[in-house]
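All of the numbers you see were taken from the coordinates with simple rules; none came from a lab. Note that the structure is a prediction, hence the values are computed from the model and not measured. Positions of Cβ are backbone-derived with ideal geometry, glycine not excepted, and every protein chain shown enters the neighbour counts.
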């Protein structure tokens, strides 16, 4: 059998992919991302949060064997852990990988699980960012649920994005609106995260997530009272993305 052609540099592939698929729908972009050789080995990263089921359903309709990376920070709500299993079963996902923090790192840096009380950035790095980066080793691309409406700095997001010349980030839902998301969930009768009915619009770790009031930004309940609304998974120019809470952000 002939050997596979080596992948071009990330920047070249991103430019080519955006040029090829810029007029396609979210479903088409996702399908191409899962099959185009220039995307390479790909996984989806999902929090199984308030809106995650939309993209998970789309992936399941294309290829249920797609690797799904679920980060269990070991500080998630019990409802999220239950919902993760419910959704995986409902969509018949066959390749879900639970990613957890390194045990030795937890012992040395957060022995009593209280790091979040005095340094949320360090806690997110330990329990989420570092485990994910380790899990992404061996992948050339990963699928995210980011959308342009979520913040001013995301208004220029494209379907395919260069992640520090290391791998490609694929954003199939980049053009979707909040109404698009809700309509898709209703039309496909997708199970809702149980905490949404209790006022949680954006769901992360239990110690750092609270319900939001009517009229508040959906992410106001994440790290409430702090100048923080990103866990650090998404970097721009090597730095954690920061946005004012009223602008919205990463799901």
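Side notes on the structure shown:
- Each of residue 23 and residue 226 was given a label point 7 Å from its Cα along the Cα-to-Cβ line. The distance between the two points is 4.6 nm.
- Acute angle (nearest 10 degrees) that the helix 178-187 long axis makes with the longest principal axis of the chain, alpha-carbon atoms: 80
- Ranked 176, 223, criterion: other C-beta atoms within 10 Å, fewest first: 176, 223
- The slack in the chain from residue 182 to residue 74, taken as 0.36 nm per residue of separation less the alpha-carbon distance, amounts to 36.0 nm.
- Over the chain, relative contact order from alpha-carbon pairs under 8 Å, at least 6 apart, %: 22
- At 1.567 mPa s and 4 °C, Stokes D of region 10-191 from Kirkwood alpha-carbon radius, µm² per second: 75
- The chain: most fluctuating residue of 167, 224, 189 per GNM, C-alpha cutoff 10 Å: 189
- Distance from region 87-123 to region 198-229 (C-alpha centre basis), Å: 19
- Taking 0.36 nm per residue of separation and subtracting the Cα-Cα distance, full extension of the segment from residue 133 to residue 107 would add 7.4 nm.
- Antiparallel bridges, percent of DSSP beta bridges restricted to the chain (to nearest 5): 40
- Helix 78-90 axis versus longest C-alpha principal axis of the chain: approximately 30°, rounded to the nearest ten.
- Annotation: the residues 96, 14, sorted from fewest to most other C-beta atoms within 10 Å of their own C-beta, follow the order 96, 14.
- Neighbour counts of other Cβ atoms within 10 Å put 11, 47 in the fewest-to-most order 11, 47.
- Nearest 10 degrees, 0 to 90: helix 26-35 Cα axis against the chain principal axis: 70
- The slack in the chain from residue 15 to residue 81, taken as 0.36 nm per residue of separation less the alpha-carbon distance, amounts to 20.0 nm.
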